[in-house]
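J.: Could you have a look at this structure, given as structure tokens, before my questions?
No lab work stands behind these numbers, since they all come straight from the coordinates. Nothing here was measured: the structure is a model prediction, and the numbers come from that model. When we count neighbours, we look across all protein chains shown, and the Cβ atoms used for this are built from the backbone with ideal geometry, even at glycine.
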Amino acid sequence: MVERTPILNFLTHVILFLGFVFCVAPFVIVVIAASHNLKDVNDVPMSLLPGSDFWINIKTAWTTADLGPKLFNSFIMSAGVAAGKVIISALTAFSIVYFRYPGRMLIFWLVFITLMLPLEVRIVPTYAVVANVLSPYQTILDLTGLSWLIEKISGVQVSLSLGLLNSYTGLILPLIATATGTFLYRQFFLTVPDELTEAARMDGAGAVRFFIDILLPLSRNNMAALGTIMFLWAWNQYLWPLLITTDQSHATAVTELKQLIPNVGGIPEWNIAMAGTLIVMLPPLVVVVLMQRWFVRGLIATEK
Amino acid sequence: MASITIRDVYKSYAKMQVVHGVNLDITSGEFVVILGPSGCGKSTLLRMIAGLEEISGGTIAIDGTVVNKLEPRERGCAMVFQNYALYPHMSVAQNIGYSLKVAGVPTAERTQRIQAVARILELEQLLDRKPMALSGGQRQRVAMGRAMIREPKVFLFDEPLSNLDAKLRVQMRSEIRKLHRRLNATSVFVTHDQVEAMTLADRLVVMNGGRVEQVGTPGEIYSLPASRFVATFVGAPAMNMLEGKVVLDGLSLLGGSRRLAVSRAGLPVGTKVAVGIRPEAVRLVAPGTPGALNATVDLVEELGAGRVVYVDLDGAAFSVMTSEAVHPAPGSAVGLQFSEADLHFFSSETGSRLDVFKASVPVPAL
């Protein structure tokens, strides 16, 4: 029901505006706080007029937390997770929707179950696996007595080890394995008309050709959406990077923000902390703005 | 150019059998139309020829090679789909040329062949457009171009005209016909529209309930329907059917209220038959004319070139097609007259044609 009366129009705009203020206010306060000097930022109440130390604070935050390399790490991780996720999800959904094979439903439900087991729930086993990727195989060898056999016969002690701690691979891989993207693609693939699949078969395209030439181009809006969401999600990850990067060289920007937050009894440099937050917030913002243009383009050229 | 041989082909889904032992021979270069109501298995049969549906039993051979286990691309068939099934993200040229691209044909040759096909179908101006920006008829032509470019042995059409408006349908119909004359490729065309079927077909295959009811030229199907189903399905308005019984002096119709003095040679007295007569074979005469059946007019449908008069024959609906300028008022009485040669007899039990009447009519000696 669409009503058009001046009073309602005014009211809806007031509500919209209130919502806007509600959402933007915290950011405004962060920006203002980041522009104050140490004394002004600790005034109660804090002055809502911007100070003049914005660039100095930004610079201090940048050097103190060593944000350059950390932002780079964050970027690698987020881009890796987004790309990996887009590819893996497309492939799994393709398999589930377009192929009939024994165990298909089992695999579907296994993928589904991962929805209920987010990284936080399985963080200990995941850490163990990442610390030594080959440990499950070692366990199998040990339990079956194979390693004992090999040692008896060849005299070589079997000890498999491949650690991924403090590596980009270790940062990225465990974050890729979740089900949300698979379902997004599955729903989309189900809406692709069967005749299109059949036309491709008649044209001689095999499964892989069909996937690359037809399905992927059709789902580029999906990919943009999923990629954006996953980039943001990965960028905001805190627990996992904190856990597996014992070495500073692989720490991410979000975990390093902690360096800027004043300790109890330390100097309350909230202006620096706020400036650092602004910097870390910026890349995801850019990604959203860029990808939004994609969405819009996808919406204009509505297909099917 | 290829012949298609279909032997005892059936198709079942789980426990449901939808096509029951179809046998059909399609000769090289022939245009065959499969006609039937929805759900009669005609599309399934076509898709089995194409390789999109697995064949549950029997064999399909193209050019003597059994293709049951071959992938669609290995069968040399091209198909035009009902909803065109154009790739929405590709331009017209890319759509038409996709099969060549898959086959690894070099770009130069591909462009040249796309151009050639586009010229035949008058699509040259549209090659850079996306399917979204095309009208229904243009999309249909692109779909045909996509099938043509592969120079396939067999063209398969799955109700390709049913999404077009009436005028465009007529136009595309003649274009398909012309195209076939030009390419002379074996074509199988599935439709539920009998006008489409009659106008396009070299040979018509009428299917019902997963079985082939009759195979023949459009003329044969129209004038000698092999079963009651074919008789009522082909022709518009549908053939009139009256239940009757063979009696001593001819036929007793509608439970005995009417009698026809027709020769009953060969049929034993008491045989229950369905008597069919086409609306266009009936003449309207003044009520009470000797030898005519009297009826009451229900409704008159004006067609411009002619009229369909629906009459009531003791509760049975009966239609008469006439090109004469008669406008009987609803409720008025009319007489119906027809000649014995226009009557079709079908068994009441099996529905199959009983030809004894005509066959046994003695040819007058000269």
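J.: So which residue, out of A:TRP148, A:TRP235, A:TRP270, gets the largest mean-square fluctuation from a GNM of chain A using Cα contacts under 10 Å as springs?
T.: It is A:TRP148.
J.: At what distance in nm do the modelled label points of A:VAL156 and A:TRP55 sit from each other, each positioned 7 Å from its Cα along Cα→Cβ?
T.: Output for this residue pair reads 6.3 nm.
J.: Between exposed trypsin sites (Lys or Arg not before Pro) in chain B, where DSSP calls loop and at most 14 other Cβ atoms lie within 10 Å, what's the longest gap?
T.: Here the longest segment lacking exposed loop sites spans B:70-366.
J.: Roughly what would the spin-label model give for B:THR199 and B:ALA103, points 7 Å off Cα along C-beta, in nm?
T.: Each label point lies 7 Å from its Cα, and together they span 3.1 nm.
J.: Could you please report the charge total around B:ARG283, scoring K, R as +1 and D, E as -1 over all other residues with beta-carbon less than 11 angstrom from its beta-carbon? Could the numbers behind the result be given before it?
T.: On the way: positive: none; negative: B:GLU280, B:GLU324, B:ASP342.
Net of charged neighbours comes to -3.
J.: Which net charge results when you count Lys and Arg as +1 and Asp and Glu as -1 among the other residues whose beta-carbon is under 14 Å from that of B:ILE55?
T.: In short, +1.
J.: Just want to confirm a number: the relative contact order over region B:4-229, from Cα pairs under 8 angstrom separated by 6+ residues, in percent.
T.: After rounding, I find 29 percent.
J.: Count, for each residue of B:140-150, the Cβ atoms from other chains sitting within 10 Å of its Cβ, then give me the mean as a whole number. If you can, show how the numbers build up before the last one.
T.: Numbers: counts 0, 0, 0, 1, 0, 0, 3, 3, 0, 1, 3.
That average works out to 1.
J.: Once you average over the residues of B:94-100, how many Cβ atoms of partner chains fall within 10 Å of each Cβ?
T.: For peptide B:94-100, the averaged partner shielding equals 3.
J.: Where does the charge balance sit around B:SER319 when Lys and Arg score +1, Asp and Glu -1, over other residues with C-beta under 10 Å from its C-beta?
T.: Computed value for this residue: -2.
J.: What range in chain B is the longest one free of GluC sites (Glu not before Pro) that are in a loop by DSSP and have at most 12 other Cβ atoms within 10 angstrom? Kindly include the intermediate steps, with their values, before the conclusion.
T.: Values: sites that count: B:GLU54, B:GLU122, B:GLU324, B:GLU349.
Free of exposed loop sites, the longest segment is B:123-323.
J.: Could I ask something else about it? Based on the Cβ-Cβ distance of B:LYS69 and A:ARG220, what FRET efficiency does E = 1/(1 + (r/R0)^6) give at R0 = 51 Å, to the nearest 0.05?
T.: 0.90
J.: Given 0.36 nm per residue, what is the gain on full extension from A:SER47 to A:THR169 after removing their alpha carbon distance, in nm?
T.: Contour length minus the Cα-Cα distance gives 39.4 nm.
J.: Another one. Given a cut-off of under 8 Å on Cα pairs at least six residues apart, what relative contact order in percent is computed for region B:239-347?
T.: Working: 240 pairs, mean separation 31.1, N = 109.
Here the relative contact order equals 29 percent.
J.: Ok, one more. What is the distance, in nm, between label points placed 7 Å from the Cα along the Cα-to-Cβ direction at A:ILE15 and at B:ASN163?
T.: 4.0
J.: Another question, then. Need one value for A:212-223: mean number of C-beta atoms belonging to other chains within 10 Å of its residues' C-beta atoms.
T.: 2
J.: First measure r as the distance between the Cβ atoms of B:GLN115 and B:VAL269, then evaluate 1/(1 + (r/R0)^6) with R0 = 60 Å and state the FRET efficiency to the nearest 0.05.
T.: FRET efficiency, B:GLN115 to B:VAL269: 0.25.
J.: Using Cβ contacts closer than 10 Å as the measure, can you line up B:MET241, B:MET132 from fewest to most?
T.: Ascending number of Cβ neighbours within 10 Å: B:MET132, B:MET241.
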